[in-house]
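What follows is one structure encoded as structure tokens, with my remarks underneath.
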Amino acid sequence: MSAPKVQRITQKDIAEGEDIDFTEEREHWNSYKLKDGTTLKTKLVLKGVKRLQKWNQDGSPIYLINSTNVVRAVDVPKKLKAKPKVQTFKPV
């Protein structure tokens, strides 16, 4: 069995793609316990979707997404925390 053919996506493909509206159904937080005791919580937040005029080998359309990763450090051990910095901003 040969490896699947990788499709090249060009700037033209992106320009000709269709922006697709969406609604959030659920954004799940992933949680990771680090060896230093910190818990990291991460999630991907979808900002935009574009459907290209290209299809995978199984016939399903190819989508591009614009997203951001949100990362929170929780339960950080006290020994890893620095002193809070004093605000140097002075209102005018």
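Read-outs: derived from the displayed coordinates by stated rules, not from any lab. If you're wondering where the values come from, they're calculated on a predicted model, not measured in any experiment. Neighbour counts are summed over all protein chains in view; Cβ atoms, including those assigned to glycine, are modelled from backbone coordinates with ideal geometry.
Given a cut-off of 32 Å, name the pairs among Lys12/Lys43; Lys43/Lys78; Lys43/Lys81; Lys43/Lys85; Lys5/Lys47 whose C-alpha atoms lie farther apart than that in the structure shown.
Numbers: Lys12/Lys43 30 Å; Lys43/Lys78 25 Å; Lys43/Lys81 23 Å; Lys43/Lys85 28 Å; Lys5/Lys47 29 Å.
Table pairs above 32 Å Cα-Cα: there are none.
Hey, what did the chain get for relative contact order, percent, Cα under 8 Å, at least 6 apart?
Details: 113 pairs, mean separation 22.9, N = 92.
It comes to 25 percent, rounded to a whole number.
Counting helices only, and only those DSSP H runs with n ≥ 4, report the 222 nm mean residue ellipticity of the chain as the sum of -39,500 (n - 2.57) divided by its residues, in deg cm²/dmol to the nearest 500.
Values: 1 runs with 6 residues, N = 92.
So the calculated ellipticity at 222 nm is -1500 deg cm²/dmol.
Test of the criteria: in segment 10-86, which trypsin sites (Lys or Arg not before Pro) are in a DSSP loop and have at most 11 other Cβ atoms within 10 angstrom of their Cβ? Present the calculation step by step, with values, prior to reporting the outcome.
Working: sites: Lys12, Arg26, Lys33, Lys35, Lys41, Lys43, Lys47, Lys50, Arg51, Lys54, Arg72, Lys78, Lys79, Lys81, Lys85; in loops: Arg26, Lys35, Lys81, Lys85.
Those satisfying the criteria are Arg26, Lys35, Lys81, Lys85.
Can you tell me the Rg and Dmax of the chain, counting just the alpha carbons, in angstroms?
So, for the chain, Rg and Dmax equal 21.3, 69 Å respectively.
Using amide H atoms built in the peptide plane, which far-off residues or other-chain residues are under 5 Å from Val76 H to H?
For Val76, whose amide H was placed from the backbone, the distant partners under 5 Å are Thr39.
Quick one: net charge around Val71, please, counting Lys, Arg +1 and Asp, Glu -1 for every other residue with C-beta under 12 Å from its C-beta.
That works out to +3.
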